[in-house]
Amino acid sequence: MLLVSLCSISLLPVAWSHEHEDKAPPPPAERRTNVSAEQLAKLLKDAPAPAIATPETLQLPPLPAGVEELNFKDFYKMPVGPLGLEPTAKLQTLNGKRVRIVGFMAEIKLDDKRQMIFSSVPLKPQPEEYGVADEIPATHILVTVPGNPEEEIRFTPGPMLLTGVLSVGTVGGETSFVRMQLDEAPTSGK
């Protein structure tokens, strides 16, 4: 694993030999490998892209009647302008409608046992250390899962396909701009 130092654009190996635990690690100058901007660009270009689940990369079942497809890239206008994040016309149009979206459940416990944060990438924020403000992307959804309010929803790893009613805009003291009320799970009798 390598760390990138932006000051001198150099790569630092994270681990060094621990043959002699009583010795201090070598000074940074001895651990550093200087690279040019071109070499760094090539390293970053050749690095494998993270797998992100989107409707285009997964085989999804047909879209149910009355449900619109939503993608995290449809949330805000890009590039971000002088007014900051601005919701797209598509996001605003879907307010109050049933939508379907692919993403990942964040591995974090919320105060409300029936809520979860849903994002385009897997997340494991550390709120005890830093709070969640810097670790959760703006393009996330606060999802409310129907069910017994005393039963906590369990973390589910991997991509998920959710369908529910979308709510866009600020409400009361809520900090999430985009929310979803999940559809009730079908019962075996239906």
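Brief remarks on what is shown
- Per-region count, segment 142-167, residues in a loop (DSSP other than H, G, I, E, B) and polar (S, T, N, Q): 2
- Segment 92-113, subset over 18 Å from the mean Cα position of the chain (by Cα), on the phi < 0 side of the Ramachandran plot and at pLDDT 90 or above, residue surrounded by the fewest Cβ atoms within 10 Å (Cβ to Cβ): GLN92
- For ALA138, the test of being modelled with pLDDT under 90, surrounded by fewer than 16 Cβ atoms within 10 Å (Cβ to Cβ) and under 20 Å from LYS73 (Cα atoms) is passed.
- Restricting the first member to segment 86-102 and to residues that are without any contact (Cβ under 8 Å) to a residue 60 or more places away in the chain, and the second to residues that are in a helix (DSSP H, G or I), the beta-carbon pairs closer than 6 Å and six or more apart or on different chains are THR88/ASP74; LYS90/ASP74.
The values are calculated or read from the model by the stated rules, or taken from the named source; none is laboratory data. The structure presented is a predicted model; accordingly, all values stated were derived computationally and were not measured. Don't worry about glycine lacking a Cβ; one is built from the backbone with ideal geometry, like all the others, and counts go over all protein chains shown.
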